[in-house]
Amino acid sequence: MTTDQDLPMDAQSATAVFAAKGIDVTPNKDQGVIKVVKHPGLDGERPMIGDRVTVHYSGKLLSGKKFDCSRDRKEPFCFNVGKGQVLRAWDIGVLSMQKGEVCTFLCKPDYAYGPAGNPNKIPPSSTVIFEMELLKFEGEMLTDDGGIVRRIKVKGDGYSNPNDGASVDVHLEGSCGGRLFDSRDVSFIVGEGEDKGVPLGVDRAMDKMQKGECCILYLKPKYGFGSEGKAEYKIGPDKDVVYEVTLKDFQRAKESWEMDLNEKLDLVVGVKHKGNQYFKAGRYYQALVQYQRIICWLEMECGTGREQQKRIQDFVLTAHLNLALCFLRIKEFSQVVENCNKVIELDENNEKALYRRGEARLLRNEFSLAMEDFQQVLQVNPSNRAARAQISNCQNKIKEHHEQDKKTYANMFQKFAERDAKVCKCTIHPTTNLNVL
């Protein structure tokens, strides 16, 4: 846009120029952020609150002086929009854009750098201009593996979130391939959504939501209905599902520090039972939540008296053993080793911990370490036939590994020898300077 905005202006005249050509995108229409589109974007969606957006931008004072530019750095800028990570004007403005759109924003001080400005760059109480291009946007990943992606349609109230064990009231609408299969109001305990037919991904997202929030959750099979699918909803195995979730209300559970030891010990019995139920049903991720809750509550407790101390240790030890077994089932072997190590710190001759650590190491191709674990199992219990069979298995694996190494190195040396032979045939004769054939 080539207009008077490229010339030095005061805030009042700049506002008049932008207002004549653009639109006020502030929620309360106070002309705090006025937008002029230079190049329309692609028709379609706009970013939602929390989306990860990538932009190029250039910032200028009304004098025309440039104070910042991502293109000068040859690197676009990324942030989660609507989360307060950037200027208020950016959060508001970018939410109004479409992919590929280029526009200019006139931003009043309250939406930009405020009365203080920015030392050496922005004078106090400055109205500034930003030109922005929205390169791309994508939902907010709630898990490291990208299995749960959230896009917020309506922002919630306040700063409080449901915690593990909280009671939540939600409205759910689930769809698969564009087909609505679930629409209901449901109440459940965070960490126990499985009991009400709530997918793991929805359950896991609860502690990121606020009261009144409405969001869309994109769930990979691991966090939806897995390899089994859901016959009740006519969903086959390994299907992605989408849930629109509205958090209507919630009641936080007591945090660990809000409970005394006796209260924790009373609750742990039920939590352990719940975890065992999930495990037996093959709901390993849900079982993990229960066993981890026990660790969170008791790992740092000392207790009074030998009997109470032993009771705490037994609960913690069993929880770590059960966690190790769950992680074995879902093939997270480093976590198996970590939890077994915790048990061995408490009980160095624990047969189950040694055996499960051996299993994990064997599956990680750490054959020698695995064999050492199984040998220790036999020292603890010489009649453990499974450990004896695993030692034999380790020995066979080591032998196979050595044979494979021999073949690999033999092929490698053969290739080196063939290459050296070719080099010798083409050596330059030192006196004739001719190729010797």
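The values are calculated or read from the model by the stated rules, or taken from the named source; none is laboratory data. Predicted, not measured: the structure shown is a model, and the values here were computed from it. Reconstructed Cβ throughout: ideal geometry from the backbone, glycine too, with neighbour counts over all protein chains shown. Note: areas computed on protein heavy atoms with side chains; ligands, DNA, RNA excluded. Shrake-Rupley method; radii C 1.70, N 1.55, O 1.52, S 1.80 Å.
Please list, or write none, the lysines whose alpha carbon is within less than 26 Å of the alpha carbon of K65, excluding same-chain residues fewer than 8 places away.
List returned: K21, K35, K38, K74, K108, K121.
Return the distance in nm (one decimal) between the two label points of a simple spin-label model at E348 and L61, each offset 7 Å from Cα along Cα→Cβ.
Using points 7 Å along Cα→Cβ, the separation is 7.0 nm.
Pop out the ³J(HN,Hα) list for region 50-55 in order, Karplus 6.51 cos²θ - 1.76 cosθ + 1.60 with θ = phi - 60°, rounded to Hz; leave Gly and Pro as x.
Per residue, the Karplus-derived 3J(HN,Hα) values read x, 4, 8, 10, 10, 9 Hz.
In region 160-238, which trypsin sites (Lys or Arg not before Pro) fall in coil by DSSP and have 14 or fewer other Cβ atoms within 10 Å?
Numbers: sites: R179, R184, K196, R204, K208, K211, K222, K230, K234; in loops: K211, K234.
Counting only loop positions with at most 14 other Cβ atoms within 10 Å, the trypsin sites (Lys or Arg not before Pro) in region 160-238 are K234.
List the lysines whose Cα lies under 19 Å from the Cα of K406, skipping any in the same chain that are fewer than 8 positions away.
Within reach: K397, K415.
Just want to confirm a number: the relative contact order over region 256-395, from Cα pairs under 8 angstrom separated by 6+ residues, in percent. Don't skip to the end; give the middle numbers.
Values: 163 pairs, mean separation 20.7, N = 140.
In percent, rounded to a whole number, it is 15.
How much length would be gained if the chain were fully extended between W257 and Q309, taking 0.36 nm per residue of separation minus their Cα-Cα distance, in nm to one decimal? All intermediate terms of the calculation are to be shown ahead of the outcome.
On the way: separation 52, 0.36 × 52 = 18.72 nm, distance 1.84 nm.
Working it through step by step, the gained length comes to 16.9 nm.
To the nearest Å, what is the center-to-center distance of region 118-148 and region 20-63, using C-alpha atoms only?
11
For the pair F77 and K155, how long in nm is the line joining their label points, each one 7 Å along Cα→Cβ?
Once both label points are built, they end up 1.8 nm from each other.
Check each of the trypsin sites (Lys or Arg not before Pro) in region 319-353 and keep only those in coil by DSSP with at most 11 other C-beta atoms within 10 angstrom; list them in order. Walk me through the numbers before you get to the answer.
Working: sites: R329, K331, K342, K352; in loops: K331.
Loop-located and lightly packed - K331.
With the contact rule set at Cα under 8 Å and sequence spacing of 6 or more, what percent relative contact order holds for the chain?
Values: 799 pairs, mean separation 37.6, N = 437.
Value for the chain: 9 percent.
Within region 256-395, how many Lys pairs sit with Cα atoms under 16 Å apart, leaving out pairs fewer than 8 places apart on the same chain? Working shown, then result.
On the way: K264/K272; K264/K274; K264/K310; K272/K280; K310/K342; K342/K352.
Final tally of qualifying lysine pairs is 6.
Between rounded, prolate and oblate, where does region 28-76 land on the alpha carbon gyration tensor, with a ≥ b ≥ c its root eigenvalues, rounded for a/c under 1.5, else prolate if a/b exceeds b/c?
Values: a/c = 1.85, a/b = 1.19, b/c = 1.56.
It is oblate, given that a/c is not under 1.5 and a/b is not larger than b/c.
Using a/c under 1.5 as the rounded threshold, could you call region 148-251 rounded, prolate or oblate? The axes a ≥ b ≥ c are square roots of the C-alpha gyration tensor eigenvalues, and prolate needs a/b larger than b/c, oblate otherwise.
Judged from the Cα gyration tensor, region 148-251 comes out prolate (a/c at least 1.5, a/b above b/c).
Quick one: grab the alpha carbon gyration tensor of the chain, order the square roots of its eigenvalues as a ≥ b ≥ c, and give me rounded if a/c is under 1.5, else prolate or oblate depending on whether a/b is larger than b/c.
Numbers: a/c = 2.42, a/b = 1.30, b/c = 1.85.
Note, shape of the chain comes out oblate.
Explain nothing, just the number: relative contact order of region 11-138, from Cα pairs under 8 Å at least 6 residues apart, as a whole percent. Please report the intermediate quantities before stating the final value.
Working: 293 pairs, mean separation 39.9, N = 128.
Reported as a whole number, the value is 31 percent.
How many lysine pairs in region 148-251, separated by 8 or more positions in sequence or lying on different chains, have Cα atoms less than 22 Å apart?
26
Per residue, how much accessible surface does region 256-395 expose to a 1.4 Å probe? Answer in Å², no decimals.
Numbers: 7520 Å² over 140 residues.
Using a 1.4 Å probe on heavy atoms only, each residue of region 256-395 averages 54 Å².
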